[in-house]
Amino acid sequence: MSIQLNHLKQVLNQQHRQNVVRITEIIRRTIYLLGLSAIFINPVAASAIQLSQTRAITTDSYIAQTTAEDFVQQGVQKLETGDLKGAIEDFNQAIQIDPNSASAYSMRGQTYTLQGEFQQALNDFNQAIEINSNFAPAYNNRGFAHLQMGDLEGAIADFNKAIDINPNLALVFNNRALAHLQQGNIQQAIADFNQAIEINPDQAEYYYKRGRAYLNNGDIQKAIADFNQAIELEPNLAVAYNGRGFAHLQQGNIQPAIANLNQAIEINPNLSMAYNNRGLVYLRQGKIQQAIDDFNQAIEINSNEINSNLFLVYNNRASVRLKQGKIQEALADLNRAIAINPNYAQGYSNRGFIRLQQNNLQTALADLNQAIEINPNYAQAYYHRGLTRVQLGNKEGAIADFQKAADLSRQQGDMTLYQNAQQQIQQLQ
C-alpha cells in the first residue's frame, strides 16, 4: 500500500528544478500482535521512497528518456511493482548520467535495503547525503536501514536529522515511533504517532500502529478506538481486525475477539498471527484441537521464512502440548522458540518449568537463570526458580526468589502470583 505525503518538496537534480513529491511505502512487514503474556517487540518500520509527480512513462517516452530524473522515476515505478532488479538497473543508469543525483543514490540505497544488502545501502545513502546534506529522504531511508540492522540509536539519529530538516514528514515520525517501540519507550512512540497523525490524519496505518502501542501499554480502550479508526479509513486492513480481536481477547470478550480474528483471516488468509491469536481464544475456551489447528496453520504459513514472531506460536503450541500431557512435544516446541529468538525469556522460563517437573533440576536452574538474565523483572521466572531451589535444598535462595516474585508481581498487578509466592514463603519460614 502506498502512503501519500503532501507538501513534501525535494530537489531531484542540480539544475534548480523543484517538484512536489510523495513518499511511497514499499514494504510493510506486518507487525503482529503477540501472545497473551507477551508484549509487542521487534516492530519493523515502513520504508519510504521518493517519487516526483511527472508524466506517466509510456513506451514512447521511455525511448526518448535522456535525463537522470527520468530513470529515477521509472526505477521508482518498478519498485512499486516489486521489480527490485529492474529498479536498480534504472538507478544505475540515472547515476551514470548524473553522478551528483542524490535522489538516484538514495533510491538505489533503498532498493538495496529491501534486498537486505545493508552495507551497499548505507554506502549509497552516505553518498546521497554527501551530495546534498539537507536531503531529508536520504536520512529517513538510512534510518530505516539502521532500524532493519538493529541499530536503534543510529536509526533514531537519522530520523531526528530528517525531522530537523523537514518537520512535516509524517512517515519519519512513524518510523521514529517504531524505533522507540523497539527500545521499549512506549510513551515516546505514542507521541511520535500522535505527530504523524496530526500531519496526516487520513492514514490508517498510523492509527493501527498507535493502537498497537496503546495495547502494549495496557490502554485497551484507546487501542480499540484506534483500531476502529483504522478500519473506518481502510475497511480491508486485516492487521487492524487482528489487533482489535486481540484487544477484545485481553478484555475477556470472546465473541467479538473471534469475530474480528475471523474477519482478519478472511481478508488475509496468510496472516499467521491472526491464526495464532485465534488459537489463544480457542485455548481459553478449552477447545484444544481447534487451538492446535490454528497454531499449526500459523507455523505452516511461515515455515519457509524467518519470522520474528514465530517463536510465540511455538511457545503457545507448547502450552497446549503440556495440557495434553505431551511433554516431549512441548519441549521440542520451546526449543524451536528459543532457536528462533535466543533472547526469549518466557521460552527459557517455560522450558525450565518443564524440566523442573521432569526433576532435571540443574538444567531447569540453568534455563531459569537465563530467563532472569534476559529479563530481570520477570516475576514468573523467579517463582519457578524458587520452586527449583526448594527441590535442590537451597531454602535461603528459594525464599529470596519467592520474595522477588512477590514484589514484582504486586508491582505488575498479578495478584494470583503474588499470593502464591507469599504462601511459598510462609511454608518455608
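The values are calculated or read from the model by the stated rules, or taken from the named source; none is laboratory data. Owing to the predicted nature of the structure, the values given are computational and were not obtained by experimental measurement. No Cβ is skipped: glycine too gets one built from the backbone with ideal geometry, and neighbour counts run over all protein chains shown. Note: areas computed on protein heavy atoms with side chains; ligands, DNA, RNA excluded. Shrake-Rupley method; radii C 1.70, N 1.55, O 1.52, S 1.80 Å.
Could you give the length gained by full extension between Gln427 and Asn217, i.e. 0.36 nm per residue of separation minus their alpha carbon distance, to one decimal place? Length gained, Gln427 through Asn217: 72.1 nm.
Would you work out if the range 332-429 is rounded, prolate or oblate? Take a ≥ b ≥ c from the square roots of the eigenvalues of the alpha-carbon gyration tensor; rounded if a/c is under 1.5, else prolate when a/b is larger than b/c, oblate otherwise.
Details: a/c = 2.23, a/b = 1.38, b/c = 1.62.
Taking the square roots of the gyration eigenvalues as a ≥ b ≥ c, the range 332-429 is oblate.
On a per residue basis, the convex hull of the C-alpha atoms belonging to the range 104-199 measures out at 78 Å³.
What do you get for Rg/Rh of the range 192-326 when both radii come from the Cα atoms and Rh is the Kirkwood radius?
Details: Rg = 15.3 Å, Rh = 15.2 Å.
Rg/Rh: 1.00.
Among 309-319, 400-410, what's the highest-first ranking by average C-beta atoms within 10 angstrom per residue?
Numbers: 309-319: 26.0, 400-410: 20.8.
Top to bottom by mean Cβ count within 10 Å: 309-319, 400-410.
For Lys326, a cut-off of 19 angstrom between C-alpha atoms picks up these aspartates and glutamates, skipping any fewer than 8 places away in its own chain: Asp293, Asp294.
What FRET efficiency, computed as 1/(1 + (r/R0)^6) with R0 = 35 Å and r the Cβ-Cβ distance, is obtained for Asp83 and Glu153, rounded to the nearest 0.05?
Values: r = 33 Å, r/R0 = 0.96.
Efficiency for this residue pair is about 0.55.
At full extension, Asn100 and Glu300 could sit 67.3 nm farther apart than now, given 0.36 nm per residue minus the alpha carbon distance.
Working from Cα pairs under 8 Å separated by at least six residues, relative contact order for the range 184-311 is 15 percent. Share of carbon and sulfur in the accessible area of the range 97-239 stands at 40%, probe radius 1.4 Å. Estimate the FRET efficiency between Ala400 and Asn343 by the formula 1/(1 + (r/R0)^6), using the beta-carbon distance for r and 30 Å for R0, to the nearest 0.05. About 0.75, to the nearest 0.05. The magnitude of the dipole of the range 314-396, with charges of +1 and -1 set on the Cβ of Lys/Arg and Asp/Glu and taken from the Cα centre, is near 240 debye.
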